[in-house]
Amino acid sequence: MPLARVTAKGQVTIPVAVRKSLDLKEGDDLLFEVGEVGEARIRVVKRRSLLDLYGALPATRPYPGKAAIRAAVGRRLKKRRGGQ
């Protein structure tokens, strides 16, 4: 079993074998669940990027294009500011 030591600042270096086994990457979060005295469980919380969610929801209408969206936003902002 890999062993790690806690530094005076409370930091721990996770052994390479553990990082590989858990597929830990830079930016991943670790969740600590403290149980009975002397017991704890660590869970890996993977971060998802927006690209991971691409296509998760079906399109309900065709994409009108960047120019049409900018024009619509411009109209709404103008209307919000009290313009005609």
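The values are calculated or read from the model by the stated rules, or taken from the named source; none is laboratory data. The structure presented is a predicted model; accordingly, all values stated were derived computationally and were not measured.
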- Among 18, 37, 44, which is the only one that is in a helix (DSSP H, G or I) and of a type in the set (Val, Ile, Thr)? 18
- Query: Can you tell which of 23, 29 is at pLDDT 90 or above and either among the aromatic types (Phe, Trp, Tyr) or on the phi > 0 side of the Ramachandran plot (or both)?
  - Reply: 23
